[in-house]
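The next block holds one structure in the form of structure tokens; read it before the comments.
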Amino acid sequence: MNGEELTEQETALYDRQIRVWGADAQRRLSKSHILVYGMKGTIAEFCKNIVLAGVGSLTLVDDRDVSEEALSANFLIPPDESVCRGKTLAELCCDSLREFNPMVRVSVEKGDLASLGAEFFDKFDVVVISCCSLATKKLINEKCRKLSKRVSFYTVDCRDCCGEIFVDLQKYNYAKKKTDGTAECELQYPSFQEAISVPWKSLRPKVSKLYFAMRVIERFEEAEKRKPREISIEDLPAVLKLKKELCEEQSLNESHIPDTLLERLVMGAKEFPPVCAIIGGTLGQEVIKAISSKGDPLKNFFFFDATDGKGMIEDISNPNLLS
């Protein structure tokens with residue numbers, strides 16, 4: 001982030017936001033570069049929010065063609081089939097996002113994200129990925145961590161009426177408002193690999209059931225070599241079998257992962273648009289916090305289930321690895 005001031009045009013356009021979080025936070029936003037992979041409905045909501053907030057640039061990666069599932073949740077895709085023909089999801093979303101805020105540079109990068117070298121990610125301040133396998137989440141997170149500068153890393157997943165966000169800000173310093181002024185705070189984040197490797201039996205008793213359920217689904221997709229969400233109700237018996245095996249391996253009571261919850265995640269592999277708005281909005285707020293270094297950031301998982309309307313923050317960390 002350099003020290004350039006906001007232009008008169010930026011100051012006028014973002015006047016209301018500047019009144020909320022200040023000119024310095026807006027300047028940081030306007031100089032930030034964000035990479036997004038996987039143009040699902042949740043990511044569409046996120047992109048809309050940060051483009052309206054005025055980030056410097058947004059790069060989209062998703063070479064897939066438009067599908068019926070994508071049309072059901074992604075409002076950035078034009079309804080006209082003739083417009084969609086011959087364009088990837090990223091290209092279609094790019095065209096729509098440019099209309100939201102012409103001051104934000106929105107572009108498309110093609111290729112397999114997992115095959116790109118670490119130097120590719122060095123161009124960005126924030127990396128957000130969705131629709132990724134367990135192996136890809138680990139790989140991209142580690143590539144970001146190997147860079148000489150700090151890159152904020154997020155994964156997001158939305159299945160039916162449930163959603164999950166994971167955050168890795170590495171070693172993160174921020175300003176926290178107090179009644180008598182401002183305090184400088186520091187947080188140490190684990191990587192995605194470190195977070196999901198914490199023994200289940202060491203977690204507090206009331207950790208969100210979604211945390212465990214999502215790990216079971218991830219492991220099942222990995223073991224069966226399935227793409228994310230490439231799962232159906234026919235897979236439920238095998239998923240429940242895997243749950244039993246993991247609970248025995250981790251010395252966790254099976255009641256912590258209700259069969260009914262796994263059934264919902266298996267049957268509702270597609271996104272539920274209202275939940276996309278909630279998860280995408282939450283993700284947008286967290287990215288803005290990370291860029292501006294203002295406000296308490298989320299550490300390190302966020303879960304939402306529309307059946308009870310509750311959002312939960314869970315710090316899944318191994319203290320021995322955060323020294």
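Per-structure values
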{"quantity": "Tally of residues being touching a Gly at 6+ places or on another chain (Cβ under 9 Å) and open to solvent by 10 Å² or more (accessible area, probe 1.4 Å) across the stretch 35-51", "calculated": "3"}
{"quantity": "Selection count, the stretch 190-222, where residues are assigned to a helix (DSSP H, G or I), modelled with pLDDT under 95 and not charged (D, E, K, R)", "calculated": "1"}
{"quantity": "Every pair of residues 6+ apart whose Cβ atoms lie under 9 Å, when the first sits in the stretch 174-196 and is open to solvent by less than 40 Å² (accessible area, probe 1.4 Å) while the second is β-branched (Val, Ile, Thr)", "calculated": "ALA175/THR182; TYR189/VAL167; PRO190/VAL198; PRO190/ILE316; PHE192/ILE140; PHE192/THR155; ALA195/ILE316; ILE196/ILE316"}
{"quantity": "Verdict on PHE220 being within 24 Å of TYR37 (Cβ to Cβ), in contact (Cβ under 8 Å) with a residue 12 or more places away in the chain and open to solvent by less than 20 Å² (accessible area, probe 1.4 Å)", "calculated": "yes"}
{"quantity": "Candidates LEU60, LEU6, LEU71 - the one that is touching a Lys or Arg at 6+ places or on another chain (Cβ under 8 Å) and among the aliphatic types (A, V, I, L, M)", "calculated": "LEU6"}
{"quantity": "Qualifying positions in the stretch 132-150 - closer than 21 Å to LEU58 by Cβ and in a loop (DSSP other than H, G, I, E, B)", "calculated": "CYS132, LEU147, LYS149, ARG150"}
{"quantity": "Hits in the stretch 102-131 (condition: over 23 Å from ASP157 (Cβ atoms), of a type in the set (A, V, I, L, M, F, W, C) and assigned to a loop (DSSP other than H, G, I, E, B))", "calculated": "MET103, VAL104"}
{"quantity": "Filter pass, LYS87 being assigned to a loop (DSSP other than H, G, I, E, B), more than 28 Å from ARG27 (Cβ to Cβ), over 18 Å from the mean Cα position of the chain (by Cα) and among the basic types (Lys, Arg)", "calculated": "yes"}
{"quantity": "Complete set of residues in the stretch 2-38 that are in a loop (DSSP other than H, G, I, E, B) and small (Gly, Ala, Ser)", "calculated": "GLY3, SER32, GLY38"}
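Listed here are the residues, each with its yes/no results for (1) surrounded by 16 or more Cβ atoms within 10 Å (Cβ to Cβ); (2) in contact with a Phe, Trp or Tyr (Cβ under 8 Å, 6 or more places away or on another chain); (3) modelled with pLDDT under 95.
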{"residue": "VAL83", "(1), (2), (3)": "no, no, yes"}
{"residue": "VAL104", "(1), (2), (3)": "yes, no, no"}
{"residue": "ASP112", "(1), (2), (3)": "no, no, yes"}
{"residue": "PHE121", "(1), (2), (3)": "yes, no, no"}
{"residue": "CYS131", "(1), (2), (3)": "yes, yes, yes"}
{"residue": "LYS143", "(1), (2), (3)": "yes, yes, no"}
{"residue": "SER148", "(1), (2), (3)": "no, no, yes"}
{"residue": "VAL151", "(1), (2), (3)": "yes, yes, no"}
{"residue": "TYR154", "(1), (2), (3)": "yes, yes, no"}
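The values are calculated or read from the model by the stated rules, or taken from the named source; none is laboratory data. Computed from a predicted structure; not experimentally measured. Note that we place each Cβ from the backbone using ideal geometry, even for glycine, and neighbour counts take in every protein chain shown. Keep in mind that these areas ignore ligands, DNA and RNA; they rest on the heavy atoms of the full protein, side chains included. Shrake-Rupley method; radii C 1.70, N 1.55, O 1.52, S 1.80 Å.
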